[in-house]
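> I have a structure here, written as structure tokens, and I will follow up with some questions on it.
The values are calculated or read from the model by the stated rules, or taken from the named source; none is laboratory data. These figures come from a predicted structure and were not determined experimentally. Note: ideal-geometry Cβ built from the backbone for every residue, glycine included; neighbour counts use all protein chains shown.
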Amino acid sequence: IPTAYHANSFSILFKGSKGFSAIQKFSLLPVKRNFTGTNGLNRNAVSAGCYAEIILKDVYEGIDLRLYSHENGQLEFDWIIWPGTDPDQIRMSFSGQHELKISPKGHLEIGLPMGVFNMHLPESYLVSAKGKQLLPVQLTQNLPGEIGFTGIQRNSKYPQVIDPDLLWGTFFDGGNASFDEYLYAIEYSVD
């Protein structure tokens, strides 16, 4: 019996970014992964190391991107905005979805063929001598398909963190509740 597979994906492009200056890797995991290129690209990797966390330095000038995944498979990424940096540089351009909107609760809803993928903003804060100081950061839609943030303090003398989380799922289980679903990797490329 032939099986039909459907794609359910989207891309986030960092508009205005020139890539990153360095990668910091933390906690090498005791597993290796093999990856093959997609869309005819020859990006094969055999026995690639996996890390619990990586930080891409200077995705925007003075702004780092921290990527990590919890044991429950929830992908997290934090924007780390260093003092003296313009936070308006962060412009995330989405493609591949059929709808993109900010819900009344302030979450980003990414409409895909098999359902809605959500980006929540659970916490944003200053890292100060007094500890975490919460910030009222919100998502904003600058242009069609382009998302940024409002509420970030300008000219802060402390680093600021914007901590959204992605609620994701897979559809490979075929209705089988015992099928294990995990997020193993994300791809970062510079065009």
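> Given (1) part of a strand (DSSP E or B); (2) out of contact with any strand residue (DSSP E or B) (no Cβ under 9 Å at 6 or more places or on another chain), where does Leu121 come up short, assuming only one miss?
So Leu121 meets the others, but not (2).
> Please go through (1) in contact with a Phe, Trp or Tyr (Cβ under 8 Å, 6 or more places away or on another chain); (2) modelled with pLDDT of 85 or more for Lys25 and return the number of the only condition it doesn't satisfy.
The single condition Lys25 does not satisfy is (2).
> Just give me the residues in region 103-115 being assigned to a strand (DSSP E or B) and exposed (fewer than 15 other Cβ atoms within 10 Å of the Cβ), in sequence order.
Once the filter is applied, which keeps residues that are assigned to a strand (DSSP E or B) and exposed (fewer than 15 other Cβ atoms within 10 Å of the Cβ), region 103-115 yields Gly111, Gly115.
> In region 141-165, what residues are outside any loop (DSSP other than H, G, I, E, B), within 16 Å of the chain's Cα centre (by Cα) and at pLDDT 85 or above?
Within region 141-165, the subset outside any loop (DSSP other than H, G, I, E, B) is 141-143, 146-150, 160-165.
Applying the additional criterion that residues be within 16 Å of the chain's Cα centre (by Cα) yields 146-149, 161-165.
Correct list: Glu146, Ile147, Gly148, Phe149, Val161, Ile162, Asp163.
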